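Take a look at the structure set out below.
The values are calculated or read from the model by the stated rules, or taken from the named source; none is laboratory data. In this text, all values refer to a predicted model and were calculated from it rather than measured experimentally. Every residue, glycine among them, receives a Cβ derived from its backbone with ideal geometry; neighbour counts consider all protein chains shown. The protein model used for the area step is the full one, side chains on, heavy atoms only, and it has no ligands, DNA or RNA in it. Shrake-Rupley method; radii C 1.70, N 1.55, O 1.52, S 1.80 Å.
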Amino acid sequence: ARCQCKIVSRERRNCGYPGITAVACKKLGCCFDASVPDMPWCFSPKPKKVKKFCPTDPHNRKNCGFPGITAKQCERKGCCFKAHPAGVPWCFYHRLVEE
């Protein structure tokens with residue numbers, strides 16, 4: 001995304017090699033901006049921002065625990081816990097969504 005390439009020039013981390021073209025740079029998943037002299041033109045993008053949440057649809061849950069796991073044990077693993085309904089995981093992984 002374009003916003004991932006808005007980086008202060010002095011904070012750019014080189015992502016290419018000398019003489020790399022814009023096309024080759026972008027194929028590597030990097031950003032390209034040749035407008036700033038003496039700074040990397042091909043550089044690493046900012047990491048994507050993600051938001052994590054517990055899925056609301058019980059049938060979209062991915063198991064994160066084991067039979068009989070307690071809420072405290074589940075949360076210590078960094079997972080979501082909801083002890084209902086029957087027949088679906090009660091301890092389950094968060095969903096990640098890009099912001």
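Data overview
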item: When the stretch 50-98 is reduced to its Cα atoms, the Kirkwood hydrodynamic radius in Å; result: 10.8 Å
item: Violating pairs (Cα-Cα greater than 26 angstrom) within the set K6/K77; K51/K77; K27/K48; K51/K82; K27/K62; result: K6/K77; K27/K62
item: Cα-based Rg of the chain normalised by 2.2 N^0.38 Å, two decimals; result: 1.69
item: Gyration tensor (alpha-carbon) shape descriptor, the stretch 3-44, a/c threshold 1.5; result: oblate
item: Given charges at beta-carbon only (K, R positive; D, E negative), |dipole| of the chain in Debye; result: 200 debye
item: Distance-filtered residues of the stretch 38-72 - backbone nitrogen under 15 Å, label point 7 angstrom along S9 Cα→Cβ; result: 38-43
item: Where no second cysteine Cβ lies under 4.7 Å, the cysteines concerned in the chain; result: C3
item: Ranking by accessible area, most exposed first, for H84, H59, H94 with a 1.4 Å probe; result: H59, H84, H94
